[in-house]
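Novice: Structure in structure tokens, see below.
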Amino acid sequence: MAVGQAFLTRAAHSIQHPQRVAAAVGALLLFGGGGAFAVANLAPDPADLPVRQILQSVQPLPATAPLEALDAHPMRLFRTETTRSTDTADSLLQRLGVNDPAAATFLRRDERARQAVLGRVGRLVSVEASDEHQLLRLTVRWSADDAEQFQRLVVEKTQDGFASHIESAPTTVSSRLGSGVIQSSLLAATDASSIPESVGSQIAEIFSSSIDFRRSLRKGDRFTVVYETIEADGEVLRAGRVLSAEFVNDGKALQAMWFQPKGEKGAYYSLDGQSLNRAFLSAPLQFTRVSSGFSNRFHPILHQWRAHLGTDFAAPSGTPVRTVGDGVVEFAGVQNGYGNVIFVRHRNDYVTVYAHLSRIGVTRGQSVAQGQTIGNVGQTGWATGPHLHFEFRVRGMQQDPMAMARQSEATQLSAAARPEFDRLAATMRIELQTANQSTLASAD
């Protein structure tokens, strides 16, 4: 203590002599450092600490217990596919991961299984198989396009072999959101976005009065769509109706929604209430490729230039053909170069012609509604390949079908239905806006 006071006294006198200040501070730090060093050295040396060793025996679990638990719960394999026109019993089971000759034999011989599976296209098939790839249960689900019920074929393995039965159950309806960007065509964009082709066809139909989907699309055009899905046992059987959609073409946004007032026919409208449905559809096939338009062309059979007073739609044989407007069948049969052909008479002395059909599904005098299937694409008459030749005649003179569809009158929204429409339109507007924001955020 006396040493510290003496040091402070000397330090005070040193302030009068600046040369001595640095030496005094250094001495203080040295004494402080020495004190800290002394405290640190008071801790015991780890080498001197006592060490205790504890030994305890552990009883291992029996090695067979987990294996026995697995044996008590055998593995089950599940897989789902859709049927193809070329499927055989063996090829279908192989694609489903099943290796069971007895099951393949049953599918070939059982009448229910043959009718429900073999030769059918697009039906949903699910299997449950053992870990040895033996079939335990096979389920096939399908329904008609307008049915509220679906059929379920069940093939099960029993002690006596395989057995089958067919059940009916109600479908459920859900909605899904999809969006895409045009790079080349609408169908390519829907395919890239995993949107069903039928939904793409509906989008083209809905906006066909405003957009020419063969000539007016621009790279970077985009669309958003809300559509129904028809489901069975939680599995999607098919896509349903488009509920609302937006299409941005060359910077211009077009919106549409489905609306069906009570007791009236449903139609598509813009969100401000303007009808998008016309008296005539723009095409007798769902969105497809036009192989020859309404113009002069070199005739593939006559080998000369002739006016082509109609539109040819390239499509596989068997593709459904629909009437473009309400009317009455004026002729259904075989006629010259048209082959199998149907003439439908509409209001205002309009007539539409559907030629080269492989099948005629209506009779003379029958009333038909817009969009109703009346036959199937074929190659009859003067045709070098499967396609539909379509004509639109006004008082006996052929007209451009696309122009006639755009010029036809639109369905009008009744005043009584307007309040209900406005409420639904407000909801759809928010839904599409939210979907667009999500789409743009995903793109960024």
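The values are calculated or read from the model by the stated rules, or taken from the named source; none is laboratory data. Please read these numbers as outputs of a predicted model, since none were measured by experiment. Note: ideal-geometry Cβ built from the backbone for every residue, glycine included; neighbour counts use all protein chains shown. Ligands, DNA and RNA are excluded from the accessible area calculation, which covers all protein heavy atoms including side chains. Shrake-Rupley method; radii C 1.70, N 1.55, O 1.52, S 1.80 Å.
Novice: Out of the residues in the stretch 213-226 meeting the condition of being in contact (Cβ under 8 Å) with a residue 40 or more places away in the chain and open to solvent by 30 Å² or more (accessible area, probe 1.4 Å), tell me which one is farthest from residue 268 (Cα to Cα).
Specialist: Filtering the stretch 213-226 down to residues in contact (Cβ under 8 Å) with a residue 40 or more places away in the chain leaves 213-214, 221-226.
So of that shortlist, the ones also open to solvent by 30 Å² or more (accessible area, probe 1.4 Å) come out as 214, 222.
On the way: 214: 21, 222: 20 Å.
Result: 214.
Novice: Residue 105 fails exactly one of the following numbered conditions: (1) of a type in the set (Val, Ile, Thr); (2) closer than 29 Å to residue 241 by Cα; (3) open to solvent by 30 Å² or more (accessible area, probe 1.4 Å). What is the number of that condition?
Specialist: With respect to (1) of a type in the set (Val, Ile, Thr); (2) closer than 29 Å to residue 241 by Cα; (3) open to solvent by 30 Å² or more (accessible area, probe 1.4 Å), residue 105 is out only on (2).
Novice: Same structure, new question: Can you name the condition, by its number, that residue 112 falls short on among (1) in a helix (DSSP H, G or I); (2) under 26 Å from residue 236 (Cβ atoms); (3) open to solvent by less than 70 Å² (accessible area, probe 1.4 Å)?
Specialist: That leaves (3) as the condition not met.
Novice: Out of all the residues in the stretch 418-431, is one or more in contact with an Asp or Glu (Cβ under 9 Å, 6 or more places away or on another chain) and open to solvent by 80 Å² or more (accessible area, probe 1.4 Å)?
Specialist: no
Novice: Another one. Here's a check for you: in the stretch 227-249, which residue that is in contact with an Asp or Glu (Cβ under 7 Å, 6 or more places away or on another chain) and open to solvent by 30 Å² or more (accessible area, probe 1.4 Å) is farthest from residue 168 (Cα to Cα)?
Specialist: 243
Novice: Just the residues that are at positive phi, within 37 Å of the chain's Cα centre (by Cα) and surrounded by fewer than 16 Cβ atoms within 10 Å (Cβ to Cβ), please, taken from the stretch 316-357.
Specialist: 318
Novice: Residue 210 - would you say it is open to solvent by 50 Å² or more (accessible area, probe 1.4 Å), of a type in the set (Gly, Ala, Ser), more than 18 Å from the chain's Cα centre (by Cα) and farther than 17 Å from residue 221 by Cβ? I'd like the intermediate steps shown before the answer.
Specialist: On the way: open to solvent by 50 Å² or more (accessible area, probe 1.4 Å): yes; of a type in the set (Gly, Ala, Ser): yes; more than 18 Å from the chain's Cα centre (by Cα): yes; farther than 17 Å from residue 221 by Cβ: no.
For residue 210, the condition - open to solvent by 50 Å² or more (accessible area, probe 1.4 Å), of a type in the set (Gly, Ala, Ser), more than 18 Å from the chain's Cα centre (by Cα) and farther than 17 Å from residue 221 by Cβ - is not met.
Novice: Further, regarding this structure: Pick out the one residue from 409, 420, 431 that is modelled with pLDDT under 80 and charged (D, E, K, R).
Specialist: Working: 420 fails: modelled with pLDDT under 80; 431 fails: modelled with pLDDT under 80.
Exactly one of 409, 420, 431 is modelled with pLDDT under 80 and charged (D, E, K, R), namely 409.
Novice: Going through the stretch 400-422 one residue at a time, which ones are part of a loop (DSSP other than H, G, I, E, B) and either acidic (Asp, Glu) or without any contact (Cβ under 8 Å) to a residue 60 or more places away in the chain (or both)? Lay out the reasoning, then the answer.
Specialist: So the first thing to find is which residues in the stretch 400-422 are part of a loop (DSSP other than H, G, I, E, B), and the list is 400, 408-409, 411-417.
Passing the criteria: 400, 409, 415.
Novice: What are the residues in the stretch 293-308 that are in a loop (DSSP other than H, G, I, E, B), surrounded by fewer than 17 Cβ atoms within 10 Å (Cβ to Cβ) and either within 38 Å of the chain's Cα centre (by Cα) or at pLDDT 85 or above (or both), if any? Reasoning before the result, please.
Specialist: Let us first name the residues in the stretch 293-308 that are in a loop (DSSP other than H, G, I, E, B), namely 293-294, 299-304.
Checking the rest, the ones that are also surrounded by fewer than 17 Cβ atoms within 10 Å (Cβ to Cβ) come to 293, 299-304.
Result: 293, single match.
Novice: Any residue in the stretch 259-271 that's under 17 Å from residue 209 (Cβ atoms): show its pairings with residues that are open to solvent by 20 Å² or more (accessible area, probe 1.4 Å) and among the charged types (D, E, K, R) at Cβ separation under 6 Å, as long as the two are six or more apart or on different chains.
Specialist: Between residues of the stretch 259-271 that are under 17 Å from residue 209 (Cβ atoms) and residues that are open to solvent by 20 Å² or more (accessible area, probe 1.4 Å) and among the charged types (D, E, K, R), the close pairs are 271/429.
Novice: Can you give me the number of residues within the stretch 161-203 that are of a type outside the set (Ser, Thr, Tyr) and within 26 Å of residue 283 (Cβ to Cβ)?
Specialist: 19
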